[in-house]
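A quick write-up on the structure given underneath.
The values are calculated or read from the model by the stated rules, or taken from the named source; none is laboratory data. These numbers were taken from a predicted model, which means no experiment stands behind them. Backbone-built Cβ (ideal geometry, glycine too); neighbour counts: all protein chains shown. In case anyone asks, the SASA skips ligands and DNA or RNA and just uses the protein heavy atoms, side chains included. Shrake-Rupley method; radii C 1.70, N 1.55, O 1.52, S 1.80 Å.
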Amino acid sequence: MKKFLLLVIIILGLFTIDHPSIKGPRDTLLNQGIDVLSESSKITRSPAAQQARESVTRTVSLSTQEQSYINEALATDEKLREFHLRYCEENDVNLDLYAPTLMQVCNVTSNILNK
């Protein structure tokens, strides 16, 4: 019991002491934990974006650079709607995708958003 109590006191001390030698590693560890949790929550909260990304990769042939751009641009449902509004409805110039590819991606996103 004494060992457990000592462990609890040490852990509480590590979380409450603001000394630079403790604060830096603690902050990076907490930020990594928050990043991991937010990554997992994005997957469950964005079904339309996930479906759009999968459909684009199946139907459109993309380079690796274009694929990474699509993964970032269609990461969440909100980003999917913004992408569709900006590049498909308002016909804004996209510097990462050429016109034929952009038209194919717009067709896919339109189909997903209309469902």
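Answer yes or no: is there a residue in the range 3-20 that is in contact (Cβ under 8 Å) with a residue 24 or more places away in the chain, open to solvent by less than 80 Å² (accessible area, probe 1.4 Å), hydrophobic (A, V, I, L, M, F, W, C) and part of a helix (DSSP H, G or I). Full working, then the answer.
First, pick out the residues of the range 3-20 that are in contact (Cβ under 8 Å) with a residue 24 or more places away in the chain: none.
Among the residues of the range 3-20, not one is in contact (Cβ under 8 Å) with a residue 24 or more places away in the chain, open to solvent by less than 80 Å² (accessible area, probe 1.4 Å), hydrophobic (A, V, I, L, M, F, W, C) and part of a helix (DSSP H, G or I), which makes the answer no.
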Selection within the range 100-115 - within 18 Å of Gln50 (Cα to Cα), open to solvent by 70 Å² or more (accessible area, probe 1.4 Å) and either in contact with a strand residue (DSSP E or B) (Cβ under 8 Å, 6 or more places away or on another chain) or of a type outside the set (S, T, N, Q) (or both): Lys115
Residue ID - least open to solvent (accessible area, probe 1.4 Å), chosen from residues in the range 48-62 that are within 17 Å of the chain's Cα centre (by Cα) and free of Cβ contacts under 8 Å to residues at least 12 places away in the same chain: Gln50
Number of the condition not met by Leu97 [criteria: (1) at positive phi; (2) open to solvent by less than 40 Å² (accessible area, probe 1.4 Å)]: (1)
Residue that is in contact with a Lys or Arg (Cβ under 6 Å, 6 or more places away or on another chain) and either of a type outside the set (A, V, I, L, M) or at pLDDT 90 or above (or both), where the choices are Asp27, Asp92, Asp77: Asp92
Condition check for Glu72: surrounded by fewer than 16 Cβ atoms within 10 Å (Cβ to Cβ), under 19 Å from Lys115 (Cβ atoms) and among the charged types (D, E, K, R): no
